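A quick write-up on the structure given underneath.
Derivation of every value follows stated rules applied to the coordinates shown; laboratory data play no part. The structure presented is a predicted model; accordingly, all values stated were derived computationally and were not measured. Neighbour counts are summed over all protein chains in view; Cβ atoms, including those assigned to glycine, are modelled from backbone coordinates with ideal geometry.
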Amino acid sequence: MHTLPTFLIAGAAKSGSTTLWNFLKAHPQVYMAPMKEVNFFITDVWWARNEKGLDWYSKLFKKLDGVKAYGEASINYMSRPESADLIHQALPHVTLIFILRDPVDRIYSQYWYERQEGTRLPDFGSFVSQRHPMLKEWIWGSRFDLHLKRYLNLFQEQQIKLFLFSDLKKDPDQLVKNLYRSVGVDERFSPPDLTARLNATRRVRSLLLQRLIVRTESLAYPISLPPIIQRPMHRLRKSLRKANTNSISILPMQVEQRAELLQEFSDTIDFVEQFLARPLPDWRGISEIGYNFSA
């Protein structure tokens with residue numbers, strides 16, 4: 001017997017969604033779809049699965065005794081303009097979870113992630129000053145105010161739960177309690193490792209091998225393989241990725257680069273502060289910050 005999700009982790013990218021997914025997957029009263037990034041409520045892109053239909057989607061969620069919350073995580077739901085409406089049509093009462101990060105830091109983390117994936121990019125200073133095409137896309141991804149307003153136009157405010165990457169780092173225990181409370185499960189449960197550093201940024205040893213791994217993943221992604229095939233393939237790709245990289249600490253962003261990007265996000269910061277009813281001085285600051293953890 002199958003069901004539909006009661007909650008979605010809908011973004012933002014490079015902000016801690018994988019960590020939330022793991023926290024929820026660990027809870028005995030939560031059932032998570034077996035794949036992360038289902039991307040069902042998306043159309044017209046290669047990684048969309050909407051055309052498979054709601055019956056296919058429901059089969060990702062097995063109805064089990066003792067489970068109170070069912071969910072999946074697809075970070076593209078935040079920035080794709082069609083997602084809010086598609087979700088509302090199918091799941092009008094769903095809980096929507098967003099974890100947000102300082103929008104400038106999110107871009108910096110995305111930059112280093114792409115470098116890790118083998119993408120050829122100029123140094124970050126040139127990337128910003130020359131307004132690289134990817135930068136424009138990432139600025140759009142960090143305009144949380146524009147994306148969240150689409151959801152607020154369709155869903156009740158109490159259905160939208162915002163979490164912050166900074167809270168995940170400073171007080172993961174309190175964040176995970178709030179997360180469990182948000183989806184309606186026992187908040188006293190503690191996941192195995194609250195301090196695990198997931199998706200840490202790493203340096204690639206062989207760009208050729210990394211591009212081959214990424215290309216293999218991109219070809220396999222749209223295909224919904226049975227778990228008996230999907231899981232060993234995923235483990236193999238994960239092992240190859242780990243063997244082909246080593247951990248690094250990212251250099252601090254230059255003050256002038258942060259100041260230039262910060263000008264793009266005045267409305268975004270105002271909106272998030274108002275929604276959360278709390279100031280975000282770190283988001284407004286331009287002091288140099290070191291980076292060694294991206295999620």
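With each label modelled as a point 7 angstrom along the Cα→C-beta vector, the residue 251-residue 68 pair spans 5.0 nm. Using the Cα gyration tensor of region 1-66, with a ≥ b ≥ c the square roots of its eigenvalues, what is the shape: rounded (a/c below 1.5), prolate (a/b larger than b/c) or oblate (neither)? It comes out oblate by the Cα gyration axes. Each peptide in 18-26, 1-9 receives the mean, over its residues, of other Cβ atoms within 10 Å, and ordering these scores from highest gives 18-26, 1-9. Here r is the Cβ-Cβ distance between residue 85 and residue 181 and R0 is 25 Å; the resulting FRET efficiency, rounded to 0.05, is 0.35. Label-to-label distance for residue 259 and residue 193 is 4.1 nm, based on points extended 7 Å past Cα in the beta-carbon direction. Computing FRET efficiency as 1/(1 + (r/R0)^6) for residue 93 and residue 137, where r is the C-beta to C-beta distance and R0 is 35 Å, gives about 0.65. Relative contact order for region 1-124: 41 percent, from Cα pairs under 8 Å spaced at least 6 residues apart, divided by residue count. Extension gain for residue 45-residue 284 works out to 82.6 nm (0.36 nm per residue, less the C-alpha to C-alpha distance).
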